[in-house]
1. Once the Cα atoms of helix 121-133 and of the chain are each reduced to a long axis, what angle between those two axes, in degrees from 0 to 90 to the nearest 10, is obtained?
2. Restricting to Cα pairs below 8 Å that are 6+ residues apart, what does the relative contact order work out to for the chain? Please round to a whole percent.
3. At residue 151 and residue 193, where each label point lies 7 Å from the Cα along Cα→Cβ, what is the point-to-point distance in nanometres?
4. List the pair-distance distribution P(r) of the chain, using every Cα-Cα distance, as the percent of pairs falling in each 10 Å bin from 0 up to the bin containing the longest distance, rounded to whole percents.
5. Multiply the residue gap between residue 73 and residue 105 by 0.36 nm, knock off their C-alpha separation, and tell me the result in nm, one decimal place.
6. With springs only between Cα atoms under 10 Å, which of 89, 69, 162 fluctuates most in a Gaussian network model of the chain?
7. How much length is gained on full extension from residue 61 to residue 144, taking 0.36 nm per residue of separation minus their Cα-Cα distance?
8. Running Debye on segment 1-88 with equal point scatterers at the Cα sites and no solvent, what base-10 log of I(q)/I(0) appears at q = 0.25 Å⁻¹?
């Protein structure tokens, strides 16, 4: 097995005339959960978008390897098929498309890309039911249009359900705690923790330490002005909560 699921080397990215990522270096070994913390505007979410292949961002320097493969050379659907998953801070609503229909289409699109046969409906239904138990997802929710009229907690649970079904190698959670009350946060965190595995890695992007009480990271990174300026164990998150980001902004300057 590769020594890193995700390896980012000197990554620079810009949108229009503004450079946002200014030399990101990050290595996430198999089985580890890494957290990236930073203030608004530091570039945390941009990192997630660039890794997922969102349009409008121009990579000006650096490389990214996913399980040894050149991630930046892949189209977004190829990145997903290779095992990358991004859970959005604000999942989009798709009127007219039932959640169940979307899930099955996503699973079979990835299977096709990998040269695997489509999943038969009975097998798919069984997989959804099994994955939905831990996330308190019922059939009524699955019949509704994707994310339409969903509460914040329901949207995040639907994202984690996708993750459970797709079984990615590399999960990126972009501010998953955003808009969640404590009960919803606990349900979502339980679902995420249930997916921790020796062959799967996670990158958790957040402002606040409270999420990391529930999804305990192996390593915490501080993001400031487009790059990682400090790394440490979970206690670094507590230090940030107590002292704020000011001293790390000085380090980035």
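Nothing in this text is a laboratory measurement; each read-out follows from the coordinates by a stated rule. Quick caveat, the model's predicted, so the values are computed rather than measured. No Cβ is skipped: glycine too gets one built from the backbone with ideal geometry, and neighbour counts run over all protein chains shown.
1. Once rounded, the angle reads 50 degrees.
2. Computed over the chain, the figure is 28 percent.
3. Distance between the two pseudo-spin positions: 2.1 nm.
4. Using 10 Å bins, I get a P(r) of 7, 31, 37, 21, 5, 0 for the chain.
5. Here the segment from residue 73 to residue 105 would lengthen by 9.1 nm.
6. The residue that fluctuates most here is 69.
7. Going from the current span to full extension adds 25.6 nm.
8. -1.53
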